[in-house]
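Colleague: The structure is given below, and queries will be raised subsequently.
The values are calculated or read from the model by the stated rules, or taken from the named source; none is laboratory data. Every value quoted in this text rests on a predicted model; they were computed, and no experiment measured them. Here the Cβ positions follow ideal geometry from the backbone for every residue, glycine too, while neighbour counts run over all protein chains shown. Keep in mind that these areas ignore ligands, DNA and RNA; they rest on the heavy atoms of the full protein, side chains included. Shrake-Rupley method; radii C 1.70, N 1.55, O 1.52, S 1.80 Å.
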Amino acid sequence: MRLLPWTGADGKACHLSTDNPDSLLSQLADDVEAAQLASAEQVLAGARAVLGDPKAGERAVRFALTRAVESLGDVLRVAVSRGGGGAR
């Protein structure tokens, strides 16, 4: 059972039950995970820039933190999906 990198309309986790890593849905999940990890790298760089700017205002810091929290959730879901994390 594979944890997919998205949730259902109800916000609950979605799982894929297949032994075929080449299935269309497995490949889509791989692509989404890769995009989420790439996005997390960009968010991290942006957050570091905001935090390193002594002139950054509250709005910029809150925006950076919000994006970082979203990315952290995505990255944790990928880690759990790949067997590198606890239950979610």
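Colleague: With the requirement that a residue be free of Cβ contacts under 8 Å to residues at least 24 places away in the same chain, closer than 21 Å to A79 by Cβ and surrounded by 14 or more Cβ atoms within 10 Å (Cβ to Cβ), what does the range 33-53 give you?
Modeller: The answer is A47, and nothing else.
Colleague: What tally of residues in the range 1-27 results from selecting those that are open to solvent by 70 Å² or more (accessible area, probe 1.4 Å), more than 28 Å from L65 (Cα to Cα) and among the basic types (K, R)?
Modeller: Matching residues across the range 1-27 total 0.
Colleague: May I ask you to say which residue of S71, S81 is within 17 Å of the chain's Cα centre (by Cα), surrounded by 12 or more Cβ atoms within 10 Å (Cβ to Cβ), polar (S, T, N, Q) and modelled with pLDDT under 95?
Modeller: Numbers: S71 fails: modelled with pLDDT under 95.
Answer to the selection: S81.
Colleague: A follow-up question, please. Restricting to the range 54-68, what's the tally of residues that are surrounded by 12 or more Cβ atoms within 10 Å (Cβ to Cβ) and not β-branched (V, I, T)?
Modeller: So the count comes out to 7.
Colleague: Separate question: Just to be sure, is D30 in a helix (DSSP H, G or I), touching a residue at least 12 places away in the same chain (Cβ under 8 Å), surrounded by 11 or more Cβ atoms within 10 Å (Cβ to Cβ) and acidic (D, E)? If you could, list the steps in order and put the result at the bottom.
Modeller: Values: in a helix (DSSP H, G or I): yes; touching a residue at least 12 places away in the same chain (Cβ under 8 Å): no; surrounded by 11 or more Cβ atoms within 10 Å (Cβ to Cβ): yes; acidic (D, E): yes.
Judged against the criteria, D30 is not a match.
Colleague: Sticking with this structure for a sec: Pairs needed: first member in the range 1-27, basic (K, R); second member anywhere, open to solvent by 50 Å² or more (accessible area, probe 1.4 Å) and modelled with pLDDT of 90 or more; C-beta distance under 8 Å; at least 6 residues apart or different chains.
Modeller: Correct list of pairs: R2/H15; R2/S17.
Colleague: Do the conditions hold for A60, that is, is it within 13 Å of R77 (Cβ to Cβ) and small (G, A, S)? So that I can check it myself, show each step before the final result.
Modeller: Values: within 13 Å of R77 (Cβ to Cβ): no; small (G, A, S): yes.
No; evaluated as a whole, the condition is false for this residue.
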